[in-house]
Amino acid sequence: MRGIDAGAGAAILGGMPRPDSAASSAAAPDAVRGQVERVTFHNEETGFAVLRVQVRGRRELLTVVGSVASVAPGEWIMAEGRWVQDRERGRQLRADRLETQPPDSREGIERYLASGLIRGIGPVYAKKLVERFGEKVFEVIETQSGRLQEVGGIGAERRRAIKAAWAEQRVVREIMVFLHAHGISTARAVRIFKTYGEEAIARIRSDPYCLARDIPGIGFLSADKIAATLGLAGESLLRLRAGLAHALDVATGEGHCALPEAALVDAAAKLLAADADRLREALEAEVARGALEREDIGGETLIYAPALRRAEIGIAARVGAMLARGEAGYPAIDGDRALAWVQERTGKILAPAQAAALRLALAQPLAVITGGPGVGKTTLLNSVLKILRAKNVRCVLCAPTGRAAKRLAESTGLEAKTIHRLLEPLPGGGFRRDEQTPLEGDLFVMDEVSMVDVPLFARFLRALPPRANALLVGDPDQLPSVGPGLVLRDLIATVPCARLDVVFRQEGGSAIVEAAHAINAGHLPELAGEGRDFFFVEREDSAAALETLLELVARRIPARFGLDPLRDIQVLAPMNRGTLGVRNLNARLQAALNPARADGRDEVERFGVTYRAGDKVIQTRNNYDKNVFNGDIGRIEHVSAEDREVRVRFDERVVGYEFGELDELDPAFAITVHKSQGSEYPCVVLPLAMEQFLLLQRNLLYTGLTRGRQLVVLVGQKKALATAVRNHAVRARCSGLLARLSAETAKED
């Protein structure tokens, strides 16, 4: 193998001594140049790498430790640093400076191509390419890619994929080096490239805050550090504008649709350590150019992102227009006769509250049906649908998540779609269905409305036909939507609504339902005994609760109830951090339920997470190009090092993710209660401990409990359970929607 020994490297670097020379100077760094034989470890987040390097004149490999944006076997490295004696790895060069260059020997090029760095080339094709083109293979890929088809097995499609991957890799590596030089993790480089293309570095130099706005995983503080290294002044208008936008974005992430002007300025001042007067000047400039909007509403002066203000206005206007019609406009329906007819057909007698709700749904163009588990919402909905379908009314059903839509379809026997799929998402964002291309139907039923936020509800209403009716079903006692607003609660306060609150108890009925209603009423649930479907397993501390939870999920529940630990059991947790947080639970559950193979195959580590074939994962953001959405849960079917791709099955669809896109997926052996909204699982296991104190809330416990269909097991401290039941505080959300809806309904009154 070709290489340049340490002495030659020192000569090239201006006479630096050999690393093992007694004449080594205390002032000058040691240097090594050689070829990477093996990448023992490389963390793409931090760039930290442990490399085994072949240097000419040395039989044994040298160990080099340092930070590098990207590295692959076969590449040349130039490293400067200090030799140290490590207890475990022996003598190694700890590099302060580490640079890579492409290999130029046949063997190095083959190893480099076989490393999986270029999608579409693995060990087999690497060998074929080097045999055919030798040291000129990189030049062929870049400038004469048509010649790649001279190699057996490479057709036009693979040739195009190799050329595209090579071009992308070259630019991505430039981005990596740029980010690494400015103190930011480099694992996001692929996503930055896909967002900005070859103009990425120019875009970042002109406005480093674009990273925080556009790239998931890169926060404002990281972008702010880059801005500082690029010489941007602390009170520059660009920085102040970015700080105001970020403060408002943080508030939106906490559920607010807007912020009072004074609160926004105060939040931005704390974030930026900037003068409030200068921020008010920047705010005026942002309002003047339309980047932010100001409105006096509900007795406050609120600052909005324009899209959210338009969404609120759109919802109120459409709700007002629907209520102004006064009646649903269905073919003539006598409420009493329809009630008698449907009870005779179904054999189910509706309770007085259900009968009143049925009349409301048949008469009103927009109505809300609310209530907890076991109060007969499904029976009522099926009765309404049966009556209307007998009148040839076209009924369209939807829900916020795939699992909620599937459950709605199963309970009604009709097709149900997610709201996103109903609206027909377009590649790159947006929906095909809107005022110009409305949906087709007469009645639109939306289930699980508690988890629908203002932007999505606005898009839904925009897409309804002019004379359409809507029936909204949800439970306001569950957690509010993850996105901004309190849509269901604001609608309940302003539009025709029926609340079902009588629990239909049956002999041997569900202890889950009984416990949920007890908790919702502020009472400790009865801790069920043997033979029931609700259990509390008491443990004194978080560590003991964790070990018990692992035993329950991996062995005891599957053995006793015949449930599959991956398919049927879902662990829910109040928070992400801590012993019983989602992150630690996922690591421990992955090790217990889907351990690594001995040969280390079928897995990849990215963004601090190991993704392994067989893992359960959850999509963390809407991806309109892939047609997968926030909250979709799937299973990893295959991890391909050669194609640098992970394939995930979501129900009947298989979706591919490049390694650089894996930040869209989180492990889902355990998920937060918030992420579980709209879903049901055969079995839910929920840990409760005082370490979760800040999130021990009644609506969170109630939501988690009602996700279980056949079995719910709480594990932890009774004190934590009692704390959650007592804590009924609901955090207020800043929004103008209620005021707008109240104004519209006042017109009708």
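Here are some notes:
- From Leu113, Leu129, Leu98, Leu93, residue being farther than 30 Å from Glu645 by Cβ and either of a type in the set (A, V, I, L, M, F, W, C) or touching a residue at least 12 places away in the same chain (Cβ under 8 Å) (or both): Leu93
- The criterion of at least 2 residues that are in contact with a Pro (Cβ under 6 Å, 6 or more places away or on another chain) and open to solvent by less than 10 Å² (accessible area, probe 1.4 Å) is met by the following helices (runs of 4 or more DSSP H) wholly inside the stretch 446-550: 511-520.
- Set Ile557, Ile569, Ile633: member being open to solvent by less than 30 Å² (accessible area, probe 1.4 Å) and over 15 Å from Pro667 (Cα atoms): Ile557
- Listed by first and then second residue, the pairs linking a residue in the stretch 687-705 that is more than 11 Å from His728 (Cβ to Cβ) to a residue that is open to solvent by 20 Å² or more (accessible area, probe 1.4 Å) and among the hydrophobic types (A, V, I, L, M, F, W, C), with Cβ atoms under 9 Å apart and 6 or more places separating them unless they lie on different chains, are Leu688/Phe536; Glu691/Met575; Gln692/Met575; Leu694/Met575; Leu695/Met575; Leu696/Met690.
- Scanning the stretch 56-75 for residues that are open to solvent by 10 Å² or more (accessible area, probe 1.4 Å), within 23 Å of Arg106 (Cα to Cα) and touching a residue at least 12 places away in the same chain (Cβ under 8 Å) turns up Arg56, Gly57, Arg58, Leu61, Leu62, Ser70, Val71, Pro73.
- Among residues of the stretch 186-239 being among the β-branched types (Val, Ile, Thr) and touching a His at 6+ places or on another chain (Cβ under 6 Å), the one that is modelled with the lowest pLDDT is Thr186.
- Taking the criterion of being closer than 12 Å to Gly335 by Cβ and assigned to a helix (DSSP H, G or I), the residues of the stretch 350-382 that qualify are Ala355, Ala356, Ala357, Leu358, Arg359, Leu360, Ala361, Leu362, Ala363.
- Just one of the listed residues (Leu240, Leu211, Leu230) is under 21 Å from the mean Cα position of the chain (by Cα) and aliphatic (A, V, I, L, M), namely Leu211.
- Scope the stretch 650-673; condition over 30 Å from Leu113 (Cβ atoms) and either under 16 Å from the mean Cα position of the chain (by Cα) or modelled with pLDDT of 95 or more (or both); matching residues: Phe650, Asp666, Pro667, Ala668, Phe669, Ala670, Ile671, Thr672, Val673
- Complete set of residues in the stretch 285-342 that are outside any strand (DSSP E or B) and of a type in the set (D, E, K, R): Glu286, Arg289, Arg309, Arg310, Glu312, Arg318, Arg325, Glu327, Asp334, Asp336, Arg337
- Taking strands (runs of 3 or more DSSP E) as the structural unit, those lying wholly within the stretch 595-645 and holding at least 1 residues that are closer than 19 Å to Pro565 by Cα correspond to 609-612, 616-619, 633-640.
- Of all the numbered requirements in (1) touching a residue at least 40 places away in the same chain (Cβ under 8 Å); (2) open to solvent by less than 60 Å² (accessible area, probe 1.4 Å), Leu279 misses one, and that requirement is (1).
- Of all residues in the stretch 352-390, those satisfying the criterion of being surrounded by fewer than 17 Cβ atoms within 10 Å (Cβ to Cβ) and out of contact with any helix residue (DSSP H, G or I) (no Cβ under 9 Å at 6 or more places or on another chain) are Pro352, Ala356, Arg389.
- Residues satisfying the stated conditions in the stretch 706-727, i.e. without any contact (Cβ under 8 Å) to a residue 60 or more places away in the chain, open to solvent by 10 Å² or more (accessible area, probe 1.4 Å) and in a helix (DSSP H, G or I): Lys719, Thr723
- When residues of the stretch 231-260 are limited to those that are assigned to a helix (DSSP H, G or I) and small (Gly, Ala, Ser), the one surrounded by the most Cβ atoms within 10 Å (Cβ to Cβ): Ala242
- Tally of residues being out of contact with any Cys (no Cβ under 7 Å at 6 or more places or on another chain), among the small types (Gly, Ala, Ser) and not in a helix (DSSP H, G or I) across the stretch 383-417: 2
- The residues in the stretch 606-630 that are open to solvent by 20 Å² or more (accessible area, probe 1.4 Å), basic (Lys, Arg) and without any contact (Cβ under 8 Å) to a residue 60 or more places away in the chain can be counted, and the count is 2.
- Contacts under 9 angstrom Cβ, first residue in the stretch 400-419 being modelled with pLDDT of 90 or more, partner among the acidic types (Asp, Glu) and part of a helix (DSSP H, G or I), 6 or more apart: Ala416/Glu410
- Among the residues here, Leu264 qualifies as touching a residue at least 12 places away in the same chain (Cβ under 8 Å) and of a type outside the set (Lys, Arg).
- Against the conditions (1) part of a helix (DSSP H, G or I); (2) within 24 Å of the chain's Cα centre (by Cα); (3) within 29 Å of Leu408 (Cα to Cα), Leu694 satisfies every one except (3).
- Odd one out for Arg647, checked against (1) in contact (Cβ under 8 Å) with a residue 24 or more places away in the chain; (2) touching a Phe, Trp or Tyr at 6+ places or on another chain (Cβ under 8 Å): (1)
- Residues that are open to solvent by less than 50 Å² (accessible area, probe 1.4 Å) and outside any loop (DSSP other than H, G, I, E, B) within the stretch 572-594 comprise Leu572, Ala573, Val582, Leu585, Asn586, Leu589, Gln590, Leu593, listed in sequence order.
- Any hit, the stretch 81-99, residues being in a helix (DSSP H, G or I), small (Gly, Ala, Ser) and open to solvent by less than 10 Å² (accessible area, probe 1.4 Å): no
- Enumeration of residues in the stretch 287-341 that are among the charged types (D, E, K, R), closer than 18 Å to Gln364 by Cβ and buried (at least 19 other Cβ atoms within 10 Å of the Cβ): Arg318
- Considering the conditions (1) within 22 Å of Gln677 (Cα to Cα); (2) in contact (Cβ under 8 Å) with a residue 60 or more places away in the chain; (3) not in a helix (DSSP H, G or I), Pro427 is excluded by exactly one of them, (1).
- Unique match (being touching a residue at least 12 places away in the same chain (Cβ under 8 Å), among the charged types (D, E, K, R) and touching a Lys or Arg at 6+ places or on another chain (Cβ under 6 Å)) among Glu235, Glu142: Glu235
The values are calculated or read from the model by the stated rules, or taken from the named source; none is laboratory data. Since this is a predicted model, take the numbers as computed values, not measurements. When we count neighbours, we look across all protein chains shown, and the Cβ atoms used for this are built from the backbone with ideal geometry, even at glycine. Areas reflect the complete protein model, heavy atoms only, side chains present, ligands, DNA and RNA absent. Shrake-Rupley method; radii C 1.70, N 1.55, O 1.52, S 1.80 Å.
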